[in-house]
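Asker: The structure under discussion is supplied below as structure tokens; questions concerning it will follow.
The values are calculated or read from the model by the stated rules, or taken from the named source; none is laboratory data. This structure is a prediction, so every number in the text was calculated from the model and none was measured. FYI the Cβ positions are ideal-geometry reconstructions off the backbone, even for glycines, and counts take in every protein chain you see. Side chains are part of the model used for accessible areas, which takes the heavy atoms of the whole protein and leaves out ligands, DNA and RNA. Shrake-Rupley method; radii C 1.70, N 1.55, O 1.52, S 1.80 Å.
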Amino acid sequence: MSGRLTAEPTGLRESAKARSLSRRLVVPCVRAVVHRTVPAYLAGMVTAPTLSIDETLAELVEEFDLLGDWEGRIEYVIDLGKGLAPLPEAARTEANKVPGCAAQVWLDGRAADGRLWFDADSDSALSKGNIALLLKLYSGRTPAEILAFDARAALDRLGLPGALTRQRANGLNSMVGRIRETALATG
């Protein structure tokens, strides 16, 4: 899936970084706008990921670095959440609720073709963004890939826990824990 890139000033070539950003990105002296019908991060939630989990993390790190300050990064995370498909009411059960989160977060996992697929939602924009970021990393992976991935090191590499309140960082860890529990139960 490709996007149409417009840039000011002219001469900016479309790059993997620019294609992966689904919102307006302002970089000193350059303004890039990516127009998409479907955000790139949602494509990976429907089909098996083409990049390894480490490559996906590397792209996220690159995107976070482009965004600069934490205000922009948190805004980006919230924008990720806005792209999540609505979670069906039938999946909003106590069993799917993630304990330990500052807000209500529901995470529904299912196995298909040896891979785990996750759907999620939250009543908080930031929590919804956090779970969307995790789905970008984990959805469509095998249980072995999920269990071998060091989530704590990955989140530290993004610097996300340090930008969140203690309660929200604990909630993020609870979301990762639920994903790993699903992988353990399936694998």
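Asker: All but one of (1) assigned to a strand (DSSP E or B); (2) among the β-branched types (V, I, T); (3) at pLDDT 90 or above hold for V34; which doesn't?
Answerer: The one condition V34 does not meet is (3).
Asker: Here's a follow-up. Which number in (1) acidic (D, E); (2) touching a Lys or Arg at 6+ places or on another chain (Cβ under 9 Å); (3) surrounded by fewer than 19 Cβ atoms within 10 Å (Cβ to Cβ) marks the one condition that D121 misses?
Answerer: Only one criterion is unmet by D121, namely (3).
Asker: Is there a residue in the stretch 118-141 that is under 17 Å from A48 (Cβ atoms) and over 15 Å from the mean Cα position of the chain (by Cα)?
Answerer: No, the stretch 118-141 contains no residue that is under 17 Å from A48 (Cβ atoms) and over 15 Å from the mean Cα position of the chain (by Cα).
Asker: What tally of residues in the stretch 63-75 results from selecting those that are within 17 Å of A154 (Cβ to Cβ) and loosely packed, with under 14 Cβ neighbours inside 10 Å?
Answerer: Going through the stretch 63-75 one residue at a time, the tally reaches 1.
Asker: With respect to R180, determine if the residue is open to solvent by 70 Å² or more (accessible area, probe 1.4 Å), under 22 Å from A111 (Cα atoms) and in a helix (DSSP H, G or I).
Answerer: Judged against the criteria, R180 is a match.
Asker: Identify the residue in the stretch 131-167 that is among the polar types (S, T, N, Q) and at pLDDT 95 or above and, among all such residues, is least open to solvent (accessible area, probe 1.4 Å).
Answerer: S139
Asker: Something else about it: Could you please give the count of residues in the stretch 103-116 that are assigned to a loop (DSSP other than H, G, I, E, B) and either more than 22 Å from N173 (Cα to Cα) or open to solvent by 50 Å² or more (accessible area, probe 1.4 Å) (or both)?
Answerer: Count: 3.
Asker: Of all residues in the stretch 76-92, count the ones that are open to solvent by 50 Å² or more (accessible area, probe 1.4 Å) and either polar (S, T, N, Q) or touching a residue at least 40 places away in the same chain (Cβ under 8 Å) (or both).
Answerer: Final tally of qualifying residues: 2.
Asker: Inspect the stretch 137-160 for any residue being polar (S, T, N, Q), in a helix (DSSP H, G or I) and under 25 Å from E63 (Cβ atoms) and give the result as yes or no.
Answerer: no
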